[in-house]
1. Can you give me the orientation-averaged projected area of the convex hull built on the Cα atoms of segment 161-222, in nm²?
2. What distance in nm separates the two pseudo spin-label positions at SER420 and ARG247, each 7 Å out from Cα along the beta-carbon direction?
3. Can you tell me which of 114-120, 489-495, 176-182, 441-447 comes out highest on packing, and rank the rest after it, using the mean Cβ neighbours within 10 Å?
4. What is the distance in Å between the Cα centres of segment 149-213 and segment 345-368?
5. Using mean Cβ contacts within 10 Å as the protection proxy, how do 380-391, 163-174 order, highest first?
6. Within the set LYS334/LYS406; LYS108/LYS135; LYS93/LYS207; LYS156/LYS207, which residue pairs have Cα atoms separated by over 24 Å?
7. For ARG205 and MET136 in the same chain, what is the full-extension length gain: residue separation times 0.36 nm, less their Cα-Cα distance, in nm?
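Read-outs throughout are calculated quantities, based only on the coordinates presented, and are distinct from any laboratory measurement. Note that this is a predicted model, so its numbers are computed, not measured. Using ideal geometry, Cβ is built from the backbone for each residue, glycine included, and neighbour counts are taken over all protein chains shown.
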Amino acid sequence: MENPQLYKPPQSTISNCCTEHSVYQRMDTPHSEISVDLGLLLKGGPTGKEDGVGGSRASNGGQPPNSSSHDPWLSSIMENGGLEEKSKSQHPKIQHVSAMLRNAESNKKCFDPFVVSIGPYHHGKPELEFMEGHKMTMARQHVTDSEVAIQTLYDKVVAVTEDARKCYIEGSTSKWDDRQFAQMMFLDGCFVLRFICCSLDKETRIKSHNIAFVRRDLFLLENQLPFLVLEALMLLDKNTWLENVNRFVENTRARSPRHQEGGWLDGIMKSFFNHRDRKDRPKETKQQQQQPVHLLGILHGQLIDQSAHDPLSISEWSSYRSAIELKAAGIHFKPSKTSRCMDVSFEPAMSFGTLRLPPIMVDDSTKSMFLNLVAYESCPDAPDDFGVTSYLCFMDVLIDHAEDVKELRSNGILLNFLGSDKEVANLFNEIARDLVPNPRAYAKVIAEIERHYNNKAKIWIAEWLHTHFSTPWTFLAFLGAIFALALTCFQTYLAYSDSDKKPN
């Protein structure tokens, strides 16, 4: 974590989100201060001519224009159907990764495919040509399993080719005519569906070291296929295919491990102090999108519950606290019952608290997956909850050093298949760099943690117990000392009673 000042959005980021407000934020300025000749500003000095943008004031009788219709450029600002409304009226597009994410030095290898190109953006790259032969084989296997003539399947793809083009950025598919584009969609769609089927059945002729790379490549933002193409190739049992697609996407996420509830000290203290009734937590349910855009969009929908944000709450850490610091303050960590990013909760007790976090598996593809989800959230047509971005910022707060990773790993929250704990810490710190979370994400949890942390009595008790009872042996030694003290008091009492009974 490079900067101890957490998540103060840079002014440029705020202005990007609030451009319209910035334009009008000085409308309360007196007219004498804003009566500036638009022609002077754009041409560099007084001209007295009308050839500047908007013309000079002299060309309008010394008065500013009272209607935007005098200038086509000003009229275009006020007209409906701008970029925002245009994007909403069209199909959701498969975008390019933003320059801010792609140009970061640590992200260089996170957005380009390693072994297979899907769609037009990376099609034809020399380093990906060797997988094109596999596409032919996978297409043949898919047609055979579908028990439908290949012409029938191809015609289904041709029927959606025009709509599929609209899912990509305008002009990015112009070098392929309709026939070439339909062939690309057909081969790529058959390859994706066949790979999904083989992954679930664990039967594929692709070499094992390439399987992981193909799975990684299928969840890159610029390597997506419109879901309507996949649907066109699901002829026999569409519901079964949809279930298989969801299972395949789910398998990219960590499943909640069977983690023993609590430790020895936590169990003892809860039996005495925690009398609160634990509310039943909802089980993870499949969140279906009405119109899936692509596989990456389905993954995002499974990870994020868009109804989880509190629209009235805004979170703000008073200062950052890592997992080790929270543990010292009496806050323990346990895995949530689902792997949704928003399944984060805090359970306060008498002098302790429990922070539940979704378990995640960290491996070589984790960084690429999360950064592409972040890139997807930054697209104009994507959900604007920034759920994955907020989750990564939240984890970046908790993880600063290898000791923080060890604490979360030992509690079943991080499943480390990457390497050392230091590598995992660096991974989260690099991913979250320059990201700005949704201020409403985890607002309730953060407020409860702050309330616990600001309770001096709880902190004192937790620190005392953490210092003197951090292991079972210190607790047994404490019990031994108490027993010895009680025995001494009892012997003293007996001696005193015997002395009172003796006659004088």
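1. 5.0
2. A separation of 4.0 nm, rounded to one decimal place.
3. With the highest mean Cβ count within 10 Å placed first, the list reads 114-120, 441-447, 176-182, 489-495.
4. What the calculation gives is 37 Å, centre to centre.
5. Averaged packing, sorted descending, gives the order 380-391, 163-174.
6. Check vs 24 Å cut-off fails for LYS108/LYS135; LYS93/LYS207; LYS156/LYS207.
7. Stretched fully, the ARG205-MET136 segment lengthens by 23.6 nm.
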